[in-house]
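Input: a single structure, listed below in structure tokens.
Please treat every number below as a calculation from the coordinates, not as lab data. On a predicted model such as this, the values are computed, not experimentally measured, just so you know. Glycine also receives a Cβ, built like all others from the backbone with ideal geometry; neighbour counts cover every protein chain displayed.
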Ligand code: SF4
């Protein structure tokens, strides 16, 4: 799966680096000074690299935890995000990472302890509040977990800071680390969904909707809180039929009591990312839908989005109370 591993000299002897490279005994190993030398150069073809991405093992030096954009969250305050990894093993056509990065290589920052220290510091500074920390912003939280073990590490951290909440956002069914742990009341495992037909056409490599629902059922049975993220929602032809079927399939199989939250978000993307991705996939119907520019973002046309939100909200509220429903906006 990984044929080349770039390794920053400063973490070459880190035990986690050694653990990870042992998993890919046939991979070519190339030393580098800083990951950015491989990852950042502009003249790279994201689409071509995505066919055979390299793994880059690096050390992160600052900015372990960052404030989320306004409008991102599920009812708590303040909200932060963190990314132990850049890029994703899946390949969703609507993924903003394709516009954000020049490279499709996977970067893994191996100094998890520094992420943990900053999270603990923020949680202690805000002892009287309930800060939320969102994982899975610049990657999928669980898809690469068998290699990284990052979420497993974070479960131990969050078990010691009960005032802080962790959202593990994912489309993956790699839930073994959660099934092997005692459920934590301050952790929500949030699965993202689009309807089956949409997922098959645009979410390459992502586990099927049914498999993700089965993973959620297993987690619920073991006592974990789960979340549902319908984001991005896209008003393509006959979306009503597809979303109705998706909601029916999900909510009829899950225990609504232990659904922590459901959130909806429309398609939105910074204009420069949109332009870059459209060049990668000029024929993709998604990038040829009617869009509007709002506050520097390309978004679905407001009227189309409002109709879709109204329709979907009505469906969702037939399954869960309104207090659990959130909207993520620009
Ligand atoms: S699962 Fe998320 S991070 Fe991964 S490609 Fe799809 S949208 Fe991007």
Between residue 152 and residue 102, with labels modelled 7 Å along Cα→Cβ, what's the label distance in nm to one decimal, could you check?
3.6 nm
How much of the DSSP bridge set in the chain is antiparallel, in percent, rounded to the nearest 5?
25 percent
Value in Å of the Kirkwood radius, where the stretch 224-330 supplies the Cα pairs that are averaged:
15.0 Å
Most packed first (mean Cβ within 10 Å per residue), the peptides 39-45, 107-113 order as 107-113, 39-45
Which of the peptides 139-151, 191-203 is most tightly packed, and how do the rest follow, judged by the mean count of other Cβ atoms within 10 Å per residue?
139-151, 191-203
Euclidean distance between Cα centres, the stretch 210-243 to the stretch 256-330, Å
15 Å
So if R0 is 41 Å, what FRET efficiency would residue 160 and residue 295 give, r being the distance between their Cβ atoms, rounded to the nearest 0.05?
0.60
Under the classification rounded if a/c is under 1.5, otherwise prolate if a/b is larger than b/c and oblate if not, where does the stretch 16-124 fall, given a ≥ b ≥ c as square roots of the Cα gyration tensor eigenvalues?
oblate
Packing rank of 86-93, 288-295, where each peptide gets the mean count of other beta carbons within 10 Å, highest leading:
86-93, 288-295
Label point distance in nm, residue 40-residue 23, each placed 7 Å from Cα along Cα→Cβ
2.7 nm
If each DSSP helix of 4+ residues adds -39,500 (n - 2.57) and the sum is divided by the residues in the chain, what number results at 222 nm, nearest 500 deg cm²/dmol?
-9500 deg cm²/dmol
The stretch 3-40 versus the stretch 117-191: alpha-carbon centroid distance in Å
25 Å
Using 0.36 nm times the number of residues separating residue 124 and residue 245, minus their current alpha carbon distance, what extension gain do you get?
39.2 nm
Cα shape, the chain, gyration tensor, a/c 1.5 rule:
oblate
